[in-house]
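Colleague: Below is the structure I would like to discuss, written out as structure tokens.
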Amino acid sequence: MLAIHEETRLRKRLLSILRQNSEAFQLYYDTYGYTPVEPLLDYLHTLKGCAYITRQDLHQVVEFDPERSVEWDGGALIRVTYGFLPSIAKSRLIEIVPPDVLYYGTHRKLVKQVLTGGLLPIASEYVQLADRPEHIGEPTDTLRLVTVNAKEAHEAGICFYRVGEHYCLSDAVPAGYLQMYAD
């Protein structure tokens with residue numbers, strides 16, 4: 001169990017990461033701000049003072065947060081309840097020709113909505129996509145992957161922007177360019 005000062009320090013660091021206050025996109029975030037827990041832990045382990053952080057430590061931070069600023073049911077996905085993905089000035093983004101296929105991760109409860117309504121930048125200005133499924137996380141009981149036909153979407157006029165080595169941002173992507181991911 002974390003001491004109170006360790007819990008406070010981890011909470012602050014976690015909130016900063018989940019609110020995406022860093023210019024470096026180290027993690028995948030869906031339109032609603034969720035990110036998979038295991039890649040989050042892997043990333044935390046690379047930070048000074050966080051090499052031994054566990055899922056139990058994350059649970060303690062969430063459970064005892066008086067402001068309830070992190071939402072996590074103990075499963076595969078976690079997010080902050082407010083303040084994620086600050087605006088990125090379009091003038092700072094460089095439009096790219098995307099790879100043929102990109103990937104999007106979402107909660108299982110939202111798959112039908114995504115496949116019928118498309119990808120919409122609801123909680124941010126853009127939709128975040130990954131170049132490989134493993135950069136989102138492994139499908140689990142709550143996390144589902146959607147394949148985006150980025151080549152066709154780009155040819156139809158949808159803009160894509162590189163943000164980090166493995167991630168792209170895009171404008172809204174209509175449902176016609178989406179399908180469930182299949183291994």
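Colleague: Could we say that residue 176 is buried (at least 21 other Cβ atoms within 10 Å of the Cβ), touching an Asp or Glu at 6+ places or on another chain (Cβ under 9 Å) and not hydroxyl-bearing (Ser, Thr, Tyr) here?
Modeller: It is false that residue 176 is buried (at least 21 other Cβ atoms within 10 Å of the Cβ), touching an Asp or Glu at 6+ places or on another chain (Cβ under 9 Å) and not hydroxyl-bearing (Ser, Thr, Tyr).
Colleague: Now a separate question. Output yes when any residue across the range 51-58 is crowded, with 17+ Cβ neighbours inside 10 Å, closer than 14 Å to residue 80 by Cα and either modelled with pLDDT of 90 or more or of a type in the set (Val, Ile, Thr) (or both), and no when none is.
Modeller: yes
Colleague: Residues of the range 126-147 being more than 14 Å from the chain's Cα centre (by Cα) and either without any contact (Cβ under 8 Å) to a residue 60 or more places away in the chain or part of a strand (DSSP E or B) (or both), which ones?
Modeller: Across the range 126-147, the qualifying residue is only 147.
Colleague: Restricting to the range 20-72, name every residue that is touching a residue at least 40 places away in the same chain (Cβ under 8 Å), in a loop (DSSP other than H, G, I, E, B) and closer than 21 Å to residue 104 by Cβ.
Modeller: 20, 24, 25, 26, 28, 29, 30, 31, 32, 33, 34
Colleague: Another question about this same structure. What are the residues in the range 94-125 that are touching a helix residue (DSSP H, G or I) at 6+ places or on another chain (Cβ under 7 Å) and assigned to a strand (DSSP E or B), if any?
Modeller: 101, 102, 103, 106
Colleague: Does the range 97-109 hold any residues that are over 16 Å from residue 155 (Cβ atoms), touching a Lys or Arg at 6+ places or on another chain (Cβ under 8 Å) and not hydroxyl-bearing (Ser, Thr, Tyr), and which are they?
Modeller: 105, 107, 108 - these are the residues of the range 97-109 that are over 16 Å from residue 155 (Cβ atoms), touching a Lys or Arg at 6+ places or on another chain (Cβ under 8 Å) and not hydroxyl-bearing (Ser, Thr, Tyr).
Colleague: If I filter the range 130-157 down to residues being buried (at least 17 other Cβ atoms within 10 Å of the Cβ) and more than 19 Å from residue 107 (Cβ to Cβ), which single residue comes out as modelled with the lowest pLDDT?
Modeller: Ranking the qualifying residues of the range 130-157, first place goes to 131.
Conditions (1) within 14 Å of the chain's Cα centre (by Cα); (2) more than 30 Å from residue 161 (Cβ to Cβ); (3) acidic (Asp, Glu); (4) surrounded by 17 or more Cβ atoms within 10 Å (Cβ to Cβ), marked per residue:
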| residue | (1), (2), (3), (4) |
| --- | --- |
| 8 | no, yes, no, no |
| 17 | yes, no, no, yes |
| 30 | yes, no, yes, yes |
| 33 | yes, no, no, yes |
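Colleague: Could you grab the pairs with beta carbons closer than 9 Å, sequence gap of 6+ or different chains, first residue in the range 158-169 and within 16 Å of residue 132 (Cβ to Cβ) and surrounded by 16 or more Cβ atoms within 10 Å (Cβ to Cβ), second one among the small types (Gly, Ala, Ser) and modelled with pLDDT under 85?
Modeller: If the second residue must be among the small types (Gly, Ala, Ser) and modelled with pLDDT under 85, the pairs left are 164/24.
Colleague: Further question: Taking the residues in the range 71-113 that are β-branched (Val, Ile, Thr) and under 14 Å from the mean Cα position of the chain (by Cα) as candidates, determine which candidate is modelled with the lowest pLDDT.
Modeller: That would be 81.
The values are calculated or read from the model by the stated rules, or taken from the named source; none is laboratory data. Predicted model, so just to flag it, every value in this text is computed and none were measured. Positions of Cβ are generated from backbone atoms using ideal geometry, with glycine treated the same way; all protein chains shown enter the neighbour counts.
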